[in-house]
Amino acid sequence: MSDGARNLLIAGGMLLVALAAYTAARHWQAGSAVYHRVAADAGCDLRGGPCRREVAGGAVVFAITPADIPLMRPLTMRVEVEDLPVSGVVVEVRGLNMDMGLNRTRLQQLESGVWTGETILPICSQREMKWEAAVRLDADSRSEIPFLFRTSRP
């Protein structure tokens, strides 16, 4: 076999391995758990205090402190779960009027039914920003409960 044919075979093999790795990574990302999403309650703004939602035969109470939800400062997220056997809680914060990337925080169980974690929201070029904090419950029936809030940059 000539050097040119061998180099072509090696390049083809490397391309095939790269394509397989890309396909596997995309499959792994798309294969994440499926959550049943409930509709957001537009009547509750987290800046006014904790919000409560009924879901799957139980309830979820979500709060962010400090209540004024400042940008670029540590925020504490608290989820209280009532009458649901939950093994894990993740909160995904997304910008609604501008893509700010995904801010995902896995909460730690503080006590039975109470989960907490910290995050920081970035400053945006828009003066008023609308956000969604999607609380994802890992349970027998996986649920995603969106909570809405807004921030203002100084």
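Any read-out appearing in this document is the output of simple, stated calculations on the displayed coordinates, not a laboratory observation. Only a predicted model underlies this, so the values are computations on that prediction, with no experimental measurement involved. Using ideal geometry, Cβ is built from the backbone for each residue, glycine included, and neighbour counts are taken over all protein chains shown.
Out of 118, 132, which single residue is exposed (fewer than 13 other Cβ atoms within 10 Å of the Cβ) and either over 23 Å from residue 95 (Cβ atoms) or touching a residue at least 40 places away in the same chain (Cβ under 8 Å) (or both)? Within the list 118, 132, the selection yields 118.
Annotation: of all residues in the range 71-89 being touching a residue at least 40 places away in the same chain (Cβ under 8 Å) and surrounded by 15 or more Cβ atoms within 10 Å (Cβ to Cβ), the one that is farthest from residue 123 (Cα to Cα) is 84. Residue 104 meets each of the listed conditions (1) surrounded by 15 or more Cβ atoms within 10 Å (Cβ to Cβ); (2) under 15 Å from the mean Cα position of the chain (by Cα) apart from (1). Being among the basic types (Lys, Arg) and closer than 20 Å to residue 34 by Cα holds for only one residue in 47, 94, and it is 94.
Total residues in the range 38-53 satisfying the condition of being farther than 8 Å from residue 147 by Cβ, touching a residue at least 60 places away in the same chain (Cβ under 8 Å) and of a type outside the set (A, V, I, L, M): the figure is 2.
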